[in-house]
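These notes are about the structure you will find just below.
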Amino acid sequence: MNSKHFPTALAACAAFLATSAFVHVAPASSDERGEIKMLVQRDKVPEAMAALKLTESGNKHYRIFFVDTADFRLIRAGLILRLRDKGKGKTQTTVKFRPEDPSKPIDQKWLPKLAREPEWHVGKGEHLSYSLEQELPGTELLRKPADNLAALLSAEQKAFFKLVMNEEFDPAKLKVFGPIASEIWEWDEPAVGDKEVSAELWKLGNEQIFELSRKTKPDDLKKKAKHFEKAFQKKGVAADPNPESKTRKALEYYSKHS
């Protein structure tokens with residue numbers, strides 16, 4: 001290399017390495033799972049359930065609460081706080097971060113602690129989420145969740161909240177939205193290669209939110225999602241052409257009806 005070009009080349013190399021470090025996202029591990037999600041067209045939910053023969057009670061019944069500020073600052077930052085009564089005397093709490101820019105790195109020390117999940121939302125595309133969950137015995141704290149937020153989240157979950165929001169976890173600034181009655185059906189679906197499919201129904205007053213999903217390896221998510229959508233279209237189940245966030249819909253509903 002000509003010596004007079006060496007400083008320029010070295011500077012370019014340094015800039016590339018710095019950029020590469022910034023946009024680094026942890027590679028998928030061999031046991032990582034992705035998820036395909038498809039919201040059903042809102043005015044076609046009863047027809048979809050009939051087409052799938054979901055006439056019996058679901059396999060699981062949950063009560064779900066979401067936690068946010070009154071003006072939804074958390075979800076606008078990509079952060080979801082969920083409290084879930086899983087039945088059988090168990091409470092699950094989840095702090096999930098869905099960065100708007102998936103190339104933006106998470107602090108490396110946090111990666112081993114977080115569940116990393118690529119998601120493909122039919123009609124919206126791919127997203128990446130990082131979540132931190134814990135399970136607590138009993139459901140007593142969910143009788144008055146707004147009074148028990150400090151006890152419901154672990155110290156590590158509060159630290160993850162601080163990492164994303166750049167502020168301390170302060171229950172006084174937060175509001176609980178819910179409860180949402182959630183009913184879930186699970187079955188092996190021949191139309192998608194006998195893979196387990198999950199259908200979840202939320203009821204928000206007179207409105208129903210119905211979502212189909214399945215876990216899968218994270219490779220070729222776009223292709224798998226297209227096959228998933230077509231398989232259910234053939235069964236008479238229409239995907240919502242303008243899908244909205246389920247969580248945001250729930251927050252908006254309870255902000256008007258609390």
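The values are calculated or read from the model by the stated rules, or taken from the named source; none is laboratory data. All of these numbers come straight from a predicted model, not from anything done at the bench. Ideal geometry is used to build each Cβ from the backbone, glycine not excepted, and the neighbour counts take in all protein chains shown.
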Hits in region 84-106 - residues which are surrounded by 14 or more Cβ atoms within 10 Å (Cβ to Cβ), modelled with pLDDT under 95 and in a strand (DSSP E or B) = Lys86
query = For region 196-216, how many residues are buried (at least 16 other Cβ atoms within 10 Å of the Cβ) and among the basic types (Lys, Arg)?
reply = 1
message = Filter region 182-217 down to the residues that are assigned to a strand (DSSP E or B) and free of Cβ contacts under 8 Å to residues at least 24 places away in the same chain and list them by number.
response = Trp187, Asp188, Lys195, Glu196, Val197, Ser198, Glu200, Lys203
request  = Select, from Ala159, Ala181, the only residue that is surrounded by 15 or more Cβ atoms within 10 Å (Cβ to Cβ) and small (Gly, Ala, Ser).
outcome  = Ala159
task = With respect to Lys144, determine if the residue is over 16 Å from Ala77 (Cβ atoms), charged (D, E, K, R) and at pLDDT 95 or above.
result = yes
request  = Quickly run through region 134-176 and pick out the residues that are part of a helix (DSSP H, G or I) and in contact with a Phe, Trp or Tyr (Cβ under 6 Å, 6 or more places away or on another chain).
outcome  = Pro145, Lys158, Phe161, Val164
note = Restricting attention to region 105-131, the residues that are under 20 Å from Thr93 (Cβ atoms) and out of contact with any strand residue (DSSP E or B) (no Cβ under 9 Å at 6 or more places or on another chain) number exactly 1
ask   = Within region 32-66, how many residues are surrounded by 16 or more Cβ atoms within 10 Å (Cβ to Cβ) and assigned to a loop (DSSP other than H, G, I, E, B)?
value = 4
message = Among the listed residues Leu81, Leu74, identify the single one that is more than 28 Å from Ala238 (Cα to Cα) and part of a helix (DSSP H, G or I).
response = Leu74
query = So which residues in region 218-242 are of a type outside the set (A, V, I, L, M, F, W, C), part of a loop (DSSP other than H, G, I, E, B) and surrounded by 19 or more Cβ atoms within 10 Å (Cβ to Cβ), if there are any at all?
reply = Pro218, Asp240
remark   = Reported set for region 243-258 where residues are under 16 Å from Ser213 (Cα atoms) and either touching a helix residue (DSSP H, G or I) at 6+ places or on another chain (Cβ under 6 Å) or crowded, with 18+ Cβ neighbours inside 10 Å (or both) is Pro243, Lys246, Thr247
